[in-house]
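Take a look at the structure set out below.
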Amino acid sequence: MNVEEKPSIRVIRWGEAKAMPWKNGGGVTHEIAVFPVGATFETFDWRLSMAEVAADGPFSAFAGIDRTLALMDGAGIDLDFGDGRRERVDGPGALCRFDGGAACSGYLVDGPILDLNVMIRRGRLAHDLVPVSVTVAGQDLSDVTAVICHTGSIAIKTAAGEVVLDARDVLICGSVSRIWCRNAAEAGAMAYVLRIRNVT
């Protein structure tokens, strides 16, 4: 896949994404975007989703996949990789990057959570998922694949015009030039910015 083959600009509102079972059947995931369109767990180049985690248990294994997990809602989750590595994802902007094929179990900190998952086919693509504090003044962005609104309400300028996202809404985009808070009352808004690039 070449990242120049960008998917069309579109907004996925919370609740509109396709809900489907986890690969291991242990929960529910909301598939926000997958590329190529219609790809399966075995054939995608990249995949963006949000998962409802209601109980402790093992994560699905995705061999050959680099994965980043971030918290969208809830108190957090401890990730136990079985090799002595244990990481907690428990606040706005907190995230964990790991090998999707490695053994991993999740232990909820205090009740159910909603998490954000980015999965990239290793050797073909690489990615960065960055938390951004969104201000009224705004900031310029470049080479963006997706913007995920974490809290508040944000406005985004794209080649197709202005788009407004509320919490859990996602913009899949070919290009983004600027992001800012919709109004002063939302000055504490936060977003995740996803960039996907070719491996050279």
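The values are calculated or read from the model by the stated rules, or taken from the named source; none is laboratory data. On a predicted model such as this, the values are computed, not experimentally measured, just so you know. Note that we place each Cβ from the backbone using ideal geometry, even for glycine, and neighbour counts take in every protein chain shown.
Identify the residue in segment 139-167 that is part of a loop (DSSP other than H, G, I, E, B) and closer than 22 Å to ALA94 by Cα and, among all such residues, is nearest to the chain's Cα centre (by Cα).
THR145
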**Message:** Conditions first: (1) surrounded by fewer than 17 Cβ atoms within 10 Å (Cβ to Cβ); (2) within 18 Å of the chain's Cα centre (by Cα); (3) hydrophobic (A, V, I, L, M, F, W, C); (4) farther than 25 Å from THR151 by Cβ. ALA103 passes all but one, so which condition is the exception?
**Reply:** (2)
**Request:** Taking ARG97 as the residue in question, decide whether it is surrounded by fewer than 17 Cβ atoms within 10 Å (Cβ to Cβ) and closer than 22 Å to ALA146 by Cα.
**Result:** yes
**Prompt:** Could you list, in sequence order, the residues of segment 157-172 that are over 22 Å from ASP73 (Cβ atoms) and either surrounded by 21 or more Cβ atoms within 10 Å (Cβ to Cβ) or of a type in the set (S, T, N, Q) (or both)?
**Reply:** THR158
**Asked** Is there a residue being small (Gly, Ala, Ser), closer than 19 Å to ASN198 by Cβ and part of a loop (DSSP other than H, G, I, E, B) anywhere in segment 120-134?
**Response** yes
**Asked** Out of all the residues in segment 14-26, is one or more modelled with pLDDT of 95 or more, assigned to a strand (DSSP E or B) and within 18 Å of the chain's Cα centre (by Cα)?
**Response** no
**Prompt:** So, in segment 173-200, of the ones that are within 16 Å of ILE9 (Cβ to Cβ) and modelled with pLDDT of 85 or more, which residue ends up surrounded by the most Cβ atoms within 10 Å (Cβ to Cβ)?
**Reply:** LEU194
**Item:** Answer from GLY84, GLY111 - the residue that is assigned by TED's automatic domain parsing to the domain that holds ALA61, out of contact with any helix residue (DSSP H, G or I) (no Cβ under 8 Å at 6 or more places or on another chain) and at pLDDT below 90
**Value:** GLY84
